[in-house]
1. Enumerate the pairs (first residue in the stretch 230-241 and under 15 Å from ILE202 (Cα atoms) and not assigned by TED's automatic domain parsing to the domain that holds SER100; second residue anywhere and assigned to a helix (DSSP H, G or I) and of a type in the set (Asp, Glu)) with beta-carbon separation below 6 Å, excluding pairs fewer than 6 apart on the same chain, so at least 6 apart or on different chains.
2. Assuming GLY69 fulfils every condition listed in (1) within 19 Å of the chain's Cα centre (by Cα); (2) at pLDDT 95 or above; (3) not β-branched (Val, Ile, Thr) apart from one, which condition is it?
3. Which of the numbered conditions does VAL171 fail, given that it passes all the others? Conditions: (1) farther than 24 Å from ARG94 by Cβ; (2) modelled with pLDDT under 80.
4. Would a scan of the stretch 195-211 turn up a residue that is at negative phi and over 17 Å from the mean Cα position of the chain (by Cα)?
5. Does PHE216 count as in the same structural domain as TYR139 (by TED's automatic domain parsing), aromatic (Phe, Trp, Tyr) and part of a strand (DSSP E or B)?
6. Please go through the stretch 61-83 and give me each residue that is in contact (Cβ under 8 Å) with a residue 60 or more places away in the chain and not hydroxyl-bearing (Ser, Thr, Tyr), ordered by number.
7. Do the conditions hold for ARG230, that is, is it within 26 Å of ASN17 (Cβ to Cβ) and not in a loop (DSSP other than H, G, I, E, B)?
8. On the given criteria, is ARG5 over 20 Å from ALA200 (Cβ atoms), modelled with pLDDT of 95 or more and of a type in the set (Lys, Arg)?
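The values are calculated or read from the model by the stated rules, or taken from the named source; none is laboratory data. All values reported here derive from a predicted model rather than from experimental measurement. Here the Cβ positions follow ideal geometry from the backbone for every residue, glycine too, while neighbour counts run over all protein chains shown.
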Amino acid sequence: MIDHRPLSPCTDDAIVNQWHVIGAAGSVSADAPLRTRLLETDVLVTSENDGGLAAVAGGVALPVRERYGCIWVSLGDPPEDLFDIPECREPDRRNIFAGSIAVHVSAPRAIENFLDMGHFPFVHTYYLGVEPFSEVKPYAVRVTDDEGLLATECRFFQPRANASATEGFDVDYVYRVPHPHAALLYKSAPQQPERMDMIALIVQAIDQEHVIGHLFGSFIDTVNSDSAIRIFAQLIFAQDKPILENQLPKRLPLDLRAEVPVRGDAASVAYRRWLHRLGVTYGTVPVER
């Protein structure tokens, strides 16, 4: 077991004892180590002679692995394995690391924004939404210890749902949050509407108010190049960046009285309650006791 106390000011077990993404798989070589920060801690990742990776923070060796197109490390005592994304094992899918974008916001704020369908017509106009199709229809949300948060029965009209879409249609959505700083979105695949593309936002908390959002997806797409898929994903997240950076406070209030929710905020309300139940304080405004 790693003693994480000298490594990070973060004292939340639910955050420290997690796997966190810090970069793209395959990006580290003997000539190009990765230097970054996680939870206010400097992390160095280097390539071993056998092709594996080694990660160090404060002179302490960290657990490290490559999975789902990403490099993962932990500053604490993480689970034996990462949360599962079974779609990545389907042979006809394209698994693509779509890029990383720095944002001046807390990790929980970034995840909550990812769960919000209400901003689609106003922030992602002519892509993920368009007026007058602005209503967020009722959907189901549940939170369990095994799965985390799961929002189902979501549907929204989108003019261009992803890089392979050629016309607008009602898109079926499922949101999954298996990790306080990671959210997965499943949405109808235009080429095979009975199946779903998967897009993940996995947030690296540099500190309590600065993050790097890492984008990864598993796509059913025989039309577009990897580059075109990356450009589309980055375009959508770049549209979110100024909105996120203008939100105040930067940290996510967990007291539901601090920001009045509406009917379409069911996932946000469930996410805030879940963080509170997990004892998360890092990157949040905790509920006053």
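1. Qualifying pairs under 6 Å: none.
2. Every listed condition holds for GLY69 apart from (2).
3. Every condition holds for VAL171 apart from (1).
4. Start the filter on the stretch 195-211 by keeping residues that are at negative phi, which leaves 195-211.
Among the residues that remain, those that are also over 17 Å from the mean Cα position of the chain (by Cα) are: 195-196.
Within the stretch 195-211 (the criterion being at negative phi and over 17 Å from the mean Cα position of the chain (by Cα)), the answer is yes, since at least one residue qualifies.
5. Working: in the same structural domain as TYR139 (by TED's automatic domain parsing): yes; aromatic (Phe, Trp, Tyr): yes; part of a strand (DSSP E or B): yes.
In short, yes.
6. Going residue by residue through the stretch 61-83, those that are in contact (Cβ under 8 Å) with a residue 60 or more places away in the chain are 62-63, 68-70, 74-79, 82-83.
Matches in the stretch 61-83: LEU62, PRO63, GLY69, CYS70, LEU75, GLY76, ASP77, PRO78, PRO79, LEU82, PHE83.
7. Numbers: within 26 Å of ASN17 (Cβ to Cβ): no; not in a loop (DSSP other than H, G, I, E, B): yes.
For ARG230, the condition - within 26 Å of ASN17 (Cβ to Cβ) and not in a loop (DSSP other than H, G, I, E, B) - is not met.
8. Values: over 20 Å from ALA200 (Cβ atoms): yes; modelled with pLDDT of 95 or more: no; of a type in the set (Lys, Arg): yes.
Here the answer is no, as ARG5 does not meet what is asked.
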